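Undergrad: To start, I am sharing the structure in question, which I have written as structure tokens.
Coordinate-derived values only; no laboratory data. This is a predicted model, so every value here is computed, not measured. Neighbour counts are summed over all protein chains in view; Cβ atoms, including those assigned to glycine, are modelled from backbone coordinates with ideal geometry.
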Amino acid sequence: MTEVFRGRERVDYREPVELRDDQPMKHEIGNRTYIVADVEPLDVDGVRTVEVGSALWLLGFLALLPFYGELQEHGRVWWLWACLAGFGLGLFGLEYCRRRRKARAERDSVPGAADDAPHDGPADA
């Protein structure tokens, strides 16, 4: 039996936890237990996300364009220009994500280079 003190309460663990490969990881935070599924991380490069975001900014710009007169009367023309700026910055972001995806694909295609190169994720501890 292992006694662990958390704050003022005493927690008794009567059975030791078996660590097996097929057992999911458990995290106990406070009085809650979280089970983490053993899944592979998604390979997300951000291209599709930036494409959708840029398209939505363009759609917003085009939707507001017929109301230019009303926007100008109420001092809200900046809404139109904010949508245009969002679309323009999205194009820069799209080019960045595409170059990053290409560079990662080239790095992964060279055998042994992926082990030496720094990776984009958090450091393995």
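Undergrad: So what is the relative contact order for the range 47-111, in percent, with contacts set as C-alpha pairs under 8 Å and at least six apart?
TA: 46 percent
Undergrad: A follow-up question, please. Counting only other residues whose beta carbon sits under 11 Å from that of L64, what net charge do I get with K and R as +1, D and E as -1?
TA: Taking every other residue near L64 into account, the sum is 0.
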